[in-house]
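Below is one structure, written out as structure tokens, with a few remarks after it.
Every read-out reported here was derived from the displayed coordinates using simple, explicitly stated rules and does not represent laboratory data. Just so you know, these numbers come straight off a predicted model, no measurement behind them. Ideal geometry is used to build each Cβ from the backbone, glycine not excepted, and the neighbour counts take in all protein chains shown.
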Amino acid sequence: MDDSLEPLLRLPPQEPVGELVWVAGGAVDACSVSLRFFGDALDPDDVTQALGITPTGSYKKGDIFRGKRSDIIRQTGSWRYSVKKCAGVQLEDQINTLLDKCSSDLEVWQRLTKTFKADLFCGLWLKQWNRGLDFAPERMF
């Protein structure tokens, strides 16, 4: 075996050392939410006007993104409104806060979701394993 790898390879002890305690479960440590729409015919200004909220990021199909090394031609349009990663706030509360900022007109939502791909992206950060969350049944949509 290559001696240069020895410090990186740590094997578990063959026998338990002292009392073993596993801590598991609990609430998610931090979360973020993004409302996203995608489509070739997506015009970000139209989505902004329909929902009544300014996106945190958007572009049309064919727009050019100027990167540090190269340029990227956007293959489809995108509109997104993101809530920043936040600790100590329940995911359900972040979703409700985001949706409360948008239009409540169901016709607007039906038109947008029939015309474009839409999703609600949720990011969860866990400091310990086996964390979890739940939603109130009346919040499921």
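In the calculated pair distance distribution of segment 34-112, what percentage of Cα-Cα distances lie above 16 Å?
Values: 1759 of 3081 pairs.
In whole percent, the long-distance tail amounts to 57.
FRET efficiency for N96 and D40, Cβ-Cβ distance as r, R0 = 25 Å, nearest 0.05?
My answer for the efficiency is 0.20.
Once label points are set 7 Å from the Cα along Cα→Cβ at both L126 and K84, what is their separation, rounded to one decimal in nm?
For L126 paired with K84, the spin-label model returns 2.6 nm.
R0 = 22 Å: FRET efficiency of L133 with W109, Cβ-based, nearest 0.05?
Here the calculated transfer efficiency is 0.35.
Near K60, which lysines are there with a Cα under 21 Å away, not counting those fewer than 8 places off in the same chain?
Hits, sequence-local ones excluded: K68, K114, K117.
Could I have the simple spin-label model distance between D71 and A118, label points 7 Å from Cα toward Cβ, reported in nm to one decimal?
3.4 nm
Test of the criteria: in segment 63-92, which trypsin sites (Lys or Arg not before Pro) are in a DSSP loop and have at most 14 other Cβ atoms within 10 angstrom of their Cβ?
K68, R69, R74
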